[in-house]
Amino acid sequence: MLITKRNEYALQAMILLARQREGQPLAASALAQKLKTTPAFMSKIAQQLAKAGLLSTKRGKAGGLFLGRAADKIVAKEIFAAVDGALSVSACMSQGRCRHHVCPIYPALTRLQKDLDDKLNLAKLSTFV
């Protein structure tokens with residue numbers, strides 16, 4: 001799976017929330033405005049991030065969205081997976097095997113997938129802030 005617009009907006013939204021003063025929520029509509037997207041699209045992304053435990057919400061006048069846990073405890077791989085599923089260098093990676101009987105590139109793709117996963121697991125949200 002490629003890095004999609006949802007992935008990009010989710011990561012950007014999380015970065016903006018991480019930059020907020022601690023405990024200071026930000027409305028989904030304000031995120032949408034800052035990221036130049038629609039409130040509906042941003043709300044959908046926020047719902048997915050909240051379902052994954054990456055965001056928390058608070059209702060009311062002083063409500064909005066805020067990080068579900070500290071920025072140094074959230075990695076890019078989680079953010080991407082929350083909105084679009086795991087990133088994969090090839091469709092055969094999700095199957096755990098190549099669909100062809102003989103595939104000379106599967107071992108290379110497996111190493112590339114591991115490298116990608118390792119890098120995304122090291123990319124803490126706090127490094128983008």
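The values are calculated or read from the model by the stated rules, or taken from the named source; none is laboratory data. Given the structure is predicted, the values throughout are model-derived calculations rather than measurements. Every residue, glycine as well, gets a Cβ built from its backbone with ideal geometry; the counts of neighbours run over all protein chains shown.
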Seminar exercise, completed: Those residues of segment 57-89 which are touching a Leu at 6+ places or on another chain (Cβ under 9 Å) and over 30 Å from K114 (Cα atoms) amount to T57, K58, G64, L65, F66
Exercise. How many of the residues making up segment 5-50 are closer than 13 Å to G68 by Cα and free of Cβ contacts under 8 Å to residues at least 12 places away in the same chain?
Worked result: 2
Exercise. Has segment 46-62 got at least one residue that is more than 17 Å from K124 (Cα to Cα), touching a Gly at 6+ places or on another chain (Cβ under 8 Å) and either modelled with pLDDT of 95 or more or of a type in the set (D, E) (or both)?
Worked result: yes
Problem set entry | Among the candidates L87, L109, residue that is surrounded by 11 or more Cβ atoms within 10 Å (Cβ to Cβ), more than 20 Å from G53 (Cβ to Cβ) and modelled with pLDDT under 90 | L109
Exercise. Out of curiosity, is V83 assigned to a loop (DSSP other than H, G, I, E, B), under 29 Å from T110 (Cβ atoms) and either in contact (Cβ under 8 Å) with a residue 12 or more places away in the chain or of a type in the set (G, A, S) (or both)?
Worked result: no
